[in-house]
Amino acid sequence: MIITSLVAVLSLFPATPNSSPMPSQGVPALLLARSGCVFAYPDIATAREQHRHGEPVFVSRSGAKRTAFDCELVLLREDAPKLLGLAQAAPTAVLDDSLLRTNVQKAVRRKDGEAARRSVLQYLLQPRGTGVTEARRKLLARLPIIAAEDAGAVPLLASAVWFYLAATSTDVGGTEFAATVAACAAQLAEQDRPTWVAGGRTHTVQKAAWDDPSWTRPPALAALDLGALKGSAGRSVPPAEMGLLIAVGVAADNAHDPQEKLWLQSLEKYVYEQVTTSSHSQCPFGCAPHAECPKVGAQQQQAQDPAPLGEDGALLPSTGRFFFSA
């Protein structure tokens, strides 16, 4: 009698909330591939059909840790990352974080890929007692802003956003993580600057924000309804293109400065128009669906080559330290 009554009482309280979706029921999955590109899928089940991956990480659009029942994004990482063999010597010198982040942007602006790469490696690998996660997130948040201001979208930009979202919830890795982010910075520096026509004038993409601040996300993109987001002729947007588009949008959502947010929204609009008007299956940024990005190989190989330490124990030679000049 007692057991029967207890069962009756417990039946009034469901074990799991029925109103919140499980990740397999419509929560987008962002998968970081071995190539460094990010592939976006409508759910975990679809991602699993294409990749072998580790345990999912459930987060909000800001990167806050969530559960399987209230997450907005699911982060996945493909098994067996390529960069495990990286033998990068850790710098012994400690340079100022803020100046290093500025140095990355100045190197990108001057199209110096090697200085950008070494600045990132110095920043991520230099000795750091506390505040590792916060320091990482500051640099990872800065890279999309640099892209919007000075470069444009590149395939590895989505990996920086993926790491930003994952940084507070999981161990993003050591030298292989640093190498991927460094390769992203080098890719930004070497990117051909895209152009944008607005108001009868031709601008680089970062200047378009001043002329067209009215970007409104289409409903399917705002809701992250990946299945409803279509390209030209009703084609589905390939996962690599979708990953880059979502990553830029997430970066815009997390920007605090109004002007930086406007720049990132401008970049999101540019990427959206690129990926939805392309009539071919090859990503306009060089990422083939379900394949490794052909543009990434050179930067990854360069990032794996150890940079020699200078006499002061830093990875940056004096010629690469732009922050010493005005």
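The values are calculated or read from the model by the stated rules, or taken from the named source; none is laboratory data. These figures come from a predicted structure and were not determined experimentally. Cβ: placed from backbone, ideal geometry, glycine included. Neighbour counts: every protein chain shown. Just the protein is used for accessible areas: all its heavy atoms, side chains included, with ligands, DNA and RNA removed. Shrake-Rupley method; radii C 1.70, N 1.55, O 1.52, S 1.80 Å.
A few remarks follow.
- Antiparallel DSSP beta bridges within the stretch 26-124, as percent of all bridges there, nearest 5: 70 percent
- Heavy atoms of residue 96: accessible area, 1.4 Å probe, square angstrom to 10: 80 Å²
- Under-5 Å amide H pairs with residue 236, H placed in peptide plane, nonlocal only: 231
- In the assembled protein chains, residue 137 presents an accessible area of approximately 50 Å² (probe radius 1.4 Å).
- Here the Karplus relation 6.51 cos²θ - 1.76 cosθ + 1.60, evaluated at θ = phi - 60°, turns the backbone of the stretch 260-269 into coupling constants of 5, 4, 5, 4, 5, 5, 5, 5, 4, 4 Hz, with x for every Gly and Pro.
- Prolate/oblate/rounded call for the stretch 216-275, Cα gyration tensor, a/c under 1.5 rounded: prolate
- Members of 138/269; 111/261; 106/138 lying beyond 18 Å, as alpha-carbon distances in this model show: 138/269; 111/261
- Accessible surface comparison of 261, 269, 65, 138, probe 1.4 Å, protein chains only, largest first: the order is 65, 138, 261, 269.
- Rounded to the nearest 10 Å², the accessible area of residue 110 at probe 1.4 Å: 130 Å²
- For the peptides 220-228, 233-241, 161-169, the ranking by mean Cβ contacts within 10 Å, running from highest to lowest, is 161-169, 233-241, 220-228.
- Estimated from the Cβ-Cβ distance and a Förster radius of 41 angstrom, the FRET efficiency linking residue 94 and residue 277 is about 0.30.
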